[in-house]
Amino acid sequence: MAAVATPAEQRVTLCNVSWETYERLIAEYPDIAGPCFTYDEGMLEIMVVSFEHEEPNRTLADLVGVLAEEFGIDLLRAGSVTLKRPDLHKGFEPDSCFYFANAPAVRGKKEIDPAIDPPPDLVIEVDVSRSSLPRFPIFAAFGVPEVWRYDGARVTTYRLEAGRYVETDHSLALLPLTGEVATRFLDESRQMPSTQWLRRVREWARSASPAPGR
């Protein structure tokens, strides 16, 4: 197997990796604190998450939770659950993912089978150091309808359209949130106590709450 390492990014990409090897690695590292694996038709990326990566991931996940509560939207948090499709030879562990419309279909299950169960309605992708294995085509193959991508400077929202992701001016699941607002909240979370930040998010949500039955 040929390997290309990028130490500054804490990522290693392996070529010509079999599906069986990918499955073994997942089984050997079941702990969510371990490395993250992304697989796409023989290409395997192994990433060790850093604080620079995990801090915005957790903050954006908190933002999703608070807004869903304030907007009265059903939510199921699936975190970084491993999602794999042997028929597609693709698999990934999202930084964070959530079910909204599809929550009733997976609630109460011990495992999610992407070949049968619906995909998450939203995936958060923190790509501070630019992944060497593009993940958007993998998300699209699974049918994930919405992705938020944080590149270290701003949050951008995308929707799946005709098999590709296109940038949108607002979140599909959490209208009227925009990428600009999400970026502002992420920046503010680094400048104020968490309780004060949560109050600001809730105040914004209550002033911007969409009309019932949107």
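The values are calculated or read from the model by the stated rules, or taken from the named source; none is laboratory data. Because the structure is predicted, anything quoted here is derived from the model rather than measured. Note that we place each Cβ from the backbone using ideal geometry, even for glycine, and neighbour counts take in every protein chain shown.
Values computed for the structure shown
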read-out: Qualifying positions in the stretch 13-72 - among the polar types (S, T, N, Q), closer than 19 Å to Asp127 by Cα and at pLDDT 95 or above; value: Thr38, Asn57, Thr59
read-out: First in the stretch 9-28 and touching a residue at least 60 places away in the same chain (Cβ under 8 Å) and under 14 Å from Pro86 (Cβ atoms), second anywhere and small (Gly, Ala, Ser) and assigned to a loop (DSSP other than H, G, I, E, B), Cβ under 9 Å, 6 or more apart; value: Trp19/Gly42
read-out: Test for Ala141: is it within 16 Å of the chain's Cα centre (by Cα) and of a type outside the set (S, T, N, Q); value: yes
read-out: Which listed residue is farther than 30 Å from Trp197 by Cα, among the acidic types (Asp, Glu) and either surrounded by fewer than 21 Cβ atoms within 10 Å (Cβ to Cβ) or touching a residue at least 40 places away in the same chain (Cβ under 8 Å) (or both), from Asp62, Asp95, Asp113; value: Asp113
